[in-house]
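The next block holds one structure in the form of structure tokens; read it before the comments.
The values are calculated or read from the model by the stated rules, or taken from the named source; none is laboratory data. Predicted model only: the values in this text are computed from it and were never measured. Note that we place each Cβ from the backbone using ideal geometry, even for glycine, and neighbour counts take in every protein chain shown.
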Amino acid sequence: MTTLLAAGANTPTLRDFGYDPFWLIALKTVGVFALLVVIVLLMIWWERRLIGFMQARPGPNRTGPAGLLQSLMDGIKLAFKEEVIPKMADKPVYWIAPVIIAFPAFMAFAVIPIGPMVSIFGTRTPLQLTDTPVGVLVILACASVGAYGILLAGWSSGSSYPLIGGLRSTAQIISYEIAMGLSIVCVFLWAGTMSTSEIVYAQTERPWFFLLLPVSAILYLIAMVGETNRAPFDLAEAESELVGGFHTEYSSMKFAMFFLAEYVNMVTVSALATTMFFGGWRAPFPFNLFDWANEGWWPMLWWLGKTCLLLSGFIWLRAALPRFRYDQFMAFGWKFMIPVALVWTTFMMFIRTAMYDNGDKMPMWGWIAIGIFTVLVLASVASYVMRAKPEIDNINANPAFPIPPMNLVVPPSGRAGGTSQRGRVSARRGRPALASKESTDG
């Protein structure tokens, strides 16, 4: 009980924000920006090393100790690369699109709680830049603004591949944002707030919401992969189909801004998952039994550990699963994710109503029903992934354009042992004869 009281007193709430001096706000802003950049650089290095380990190769290991400086060197290289702008590009929109994507990605992290109340140069302050009563909605709104940048980047490039990639990405983000928003409604029902700091506080005296709301956590973890355009849902950047997707025609620092925004979004959605389902910066068991584990700067290590573990999940999915087809991906979002989220939200409303009548305690039938629902959802996801294969029988074998047969035989020339009159004329003019061209092409 003493540990819980101390942790509750040390956890910031909405009442603790808005009192920082200007110098402290500026310091925290620079600190959050630097933290994001460092995490992204290390994340890129870890992704290349982990995938290299899965493929029985070393990965980056030349620049710096264990290759740690390789990501930094790649960023410097991008800064000095030549910038190529397509002639058909709409230059004002082409220039502003990377900014529209990168700026909201950094801004969304402002409401993520990193730790409890700490002392910075003698001033007591939350280890969080700011918070609002609708902090989670701020993150979702910033993610929605990024979709405009992707669409504008694809349209302004003046090329077909970026346009298709931009349209794909926009449809993908809109579709999976609905599932993501529905998956966290149950968190609001249990926490009674949309504030990120108070959601962490709501997990002080009760289990983490991952244990209470397993279906919400599963739906959110799937939706956050689709929201960030990562494999196996990277349909907007499919190299085998669209070269590079919406940023095919971008180079130098503009491409670096797209690249940076993608990884910052990965960090943000992972940190939001940590906040809503895994106790935020709170220490895991058995460290939560000690007062020091949730005080001072120690909680920042717990937050980093949980966030990095979720980021490693992104890498594992990229290395282990093949890319979905676009129709399979959209059908999975609209026909499975959204209906399941609606049914689960309605079910949890009944559970919360029963808890109000039972002294805010979960009835036994509620735990049983949650377990059965979770097993059914996991079985459905596994079944859908196993059945995600091309329907070869339904593909039309007769294309709309003629295809030459594999055993095509070019007829011989009119005069045996020599070339035809047409061939001699073509040779004098510096052009190959028709028969020779057909034999070369065939």
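Quick notes on this structure:
- Residue that is over 30 Å from GLU198 (Cβ atoms), in contact with a helix residue (DSSP H, G or I) (Cβ under 9 Å, 6 or more places away or on another chain) and among the small types (Gly, Ala, Ser), where the choices are ALA319, ALA341: ALA319
- Count of the range 113-154 residues which are buried (at least 18 other Cβ atoms within 10 Å of the Cβ) and in contact with a Leu (Cβ under 8 Å, 6 or more places away or on another chain): 11
- Flag for THR307 being polar (S, T, N, Q), in contact (Cβ under 8 Å) with a residue 40 or more places away in the chain and surrounded by 18 or more Cβ atoms within 10 Å (Cβ to Cβ): yes
- Selected residue (criterion: surrounded by the most Cβ atoms within 10 Å (Cβ to Cβ)) from residues of the range 207-258 that are more than 28 Å from ASP327 (Cβ to Cβ) and without any contact (Cβ under 8 Å) to a residue 12 or more places away in the chain: LEU211
- Some residue of the range 281-289 being at pLDDT 85 or above, buried (at least 24 other Cβ atoms within 10 Å of the Cβ), under 23 Å from the mean Cα position of the chain (by Cα) and of a type in the set (Phe, Trp, Tyr): yes
- Filter result for PRO299 (within 17 Å of ILE315 (Cα to Cα) and in contact with a Leu (Cβ under 8 Å, 6 or more places away or on another chain)): no
- Filtered by the rule that a residue be outside any helix (DSSP H, G or I) and either of a type in the set (D, E, K, R) or free of Cβ contacts under 8 Å to residues at least 60 places away in the same chain (or both), the range 131-176 gives a lone residue, ASP131.
- When the range 170-190 is filtered for residues that are aliphatic (A, V, I, L, M) and crowded, with 20+ Cβ neighbours inside 10 Å, the ones remaining, listed by number, are ILE173, ALA179, MET180, LEU182, ILE184, VAL187.
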